[in-house]
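What follows is a single structure, written as structure tokens, with notes after it.
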Amino acid sequence: MDWPNDLLRDIFNDPDTPNKIRKRIRRELKPSEVDYRGCRMRIHPADNNTEFQIWRMGRTQEERALRHILKDLPKDRPIVAYDVGANAGAHTLRLAAVAAPGSVIHAFEPNPVMRARLEENIRLNAFDCIRVHDCAISDKGGEMKLFVPAQGNLGLARLGEPMRGANGISVQVRTLTEFLPSDPDTPIDLVKVDVEGQEDRVLAPLITEASATQKPKAIFFELQHERFWSVDIAGILEQNGYELRGKFGRNALYRLT
């Protein structure tokens, strides 16, 4: 399908377009380079929901929360931030775009297909503050299977939880505390976590083990897979000095009080 993207987008967004036409349009969409809120991004909307939302609307479903996060980041000093489950870089790029010189943004993406897209998008913007890591994050190190859908939404990969229609690939697993700055007085400004049901395993060790000076000032994470959690993350956060600042659809933002 070689029709212009703008025309395909108009047809897709037309409320009178039948669902079968929408499905065909999405299935046949080709990769394209777009302006994503001031960042250059090469998107693959046919097989990843986040990239599809950028193609369709020029933003992701987390745009309102992301603008809230960006507004509150320090502007007068370098920041340290962590994007766990970085996908194609929708959050990582926007953080890098506003970060002061000297900032460090750690982006974790164990799925090699999505990591290649992330790295390409970083190159397109010439961001030098992003550190890409090819490991998954959990509550202990080692090696596990990452189950990636064979088709559909590549961003739906799940660590250690087999899914129908998904292929398992072996990935290295580490804990987030291993990536804390060596200087204990360096503040952690933001941790964002979107890992399809592993949020508790990512966050619990960090919240309970990090020193007072390195507890993240803001934590943004997905809620919709909490049925997979083994601990109450909201309770742990509140016990460690965090308060809920807002729920944004399927995500929650907590801040250290």
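Figures for the structure shown
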item	result
All positions within region 159-177 that are of a type in the set (D, E, K, R) and either touching a helix residue (DSSP H, G or I) at 6+ places or on another chain (Cβ under 8 Å) or at pLDDT 95 or above (or both)	Glu161, Arg174
Matching entry among Val80, Val113, Val84 (being closer than 21 Å to Val171 by Cα and touching a residue at least 60 places away in the same chain (Cβ under 8 Å))	Val84
Members of region 135-148 found to be out of contact with any Lys or Arg (no Cβ under 6 Å at 6 or more places or on another chain) and under 18 Å from Leu176 (Cα atoms), listed by number	Ala136, Ile137, Lys140, Gly142, Glu143, Met144, Leu146
Which numbered condition Asp83 misses (of (1) farther than 26 Å from Gln61 by Cβ; (2) in contact with a His (Cβ under 8 Å, 6 or more places away or on another chain))	(1)
Filter result (under 18 Å from Trp229 (Cα atoms), of a type in the set (D, E, K, R) and in a loop (DSSP other than H, G, I, E, B)) within region 121-176	Asp139, Lys140, Glu161
All positions within region 182-222 that are farther than 21 Å from Glu109 by Cβ and part of a loop (DSSP other than H, G, I, E, B)	Ser182, Asp183, Pro184, Asp185, Thr186, Pro187, Ala210, Ser211, Lys215, Lys217
Condition broken by Ala46, with the remaining ones in (1) at pLDDT 95 or above; (2) in contact with an Asp or Glu (Cβ under 8 Å, 6 or more places away or on another chain) satisfied	(1)
Residue match in region 198-206 (condition: modelled with pLDDT under 90 and either surrounded by fewer than 21 Cβ atoms within 10 Å (Cβ to Cβ) or within 15 Å of the chain's Cα centre (by Cα) (or both))	yes
Wholly within region 19-118, helices (runs of 4 or more DSSP H) carrying at least 2 residues that are of a type outside the set (D, E, K, R) and under 22 Å from Leu203 (Cα atoms)	63-72, 90-98
Only one of Lys217, Lys247 that is in contact with a Leu (Cβ under 8 Å, 6 or more places away or on another chain) and either within 21 Å of Ile130 (Cβ to Cβ) or acidic (Asp, Glu) (or both)	Lys217
From the options Glu243, Glu222, residue that is of a type in the set (Asp, Glu) and either closer than 25 Å to Glu178 by Cβ or touching a Pro at 6+ places or on another chain (Cβ under 6 Å) (or both)	Glu222
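For (1) surrounded by fewer than 16 Cβ atoms within 10 Å (Cβ to Cβ); (2) modelled with pLDDT of 95 or more; (3) among the acidic types (Asp, Glu); (4) assigned by TED's automatic domain parsing to the domain that holds Phe248, each residue gets a yes or a no:
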| site | (1), (2), (3), (4) |
| --- | --- |
| Asn13 | yes, no, no, no |
| Arg26 | no, no, no, no |
| Cys39 | no, yes, no, no |
| Ile69 | no, yes, no, yes |
| Gly85 | no, yes, no, yes |
| Ala107 | no, yes, no, yes |
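The values are calculated or read from the model by the stated rules, or taken from the named source; none is laboratory data. Just so it is clear, the structure is predicted and the values come from calculations on it, not from any experiment. Note: ideal-geometry Cβ built from the backbone for every residue, glycine included; neighbour counts use all protein chains shown.
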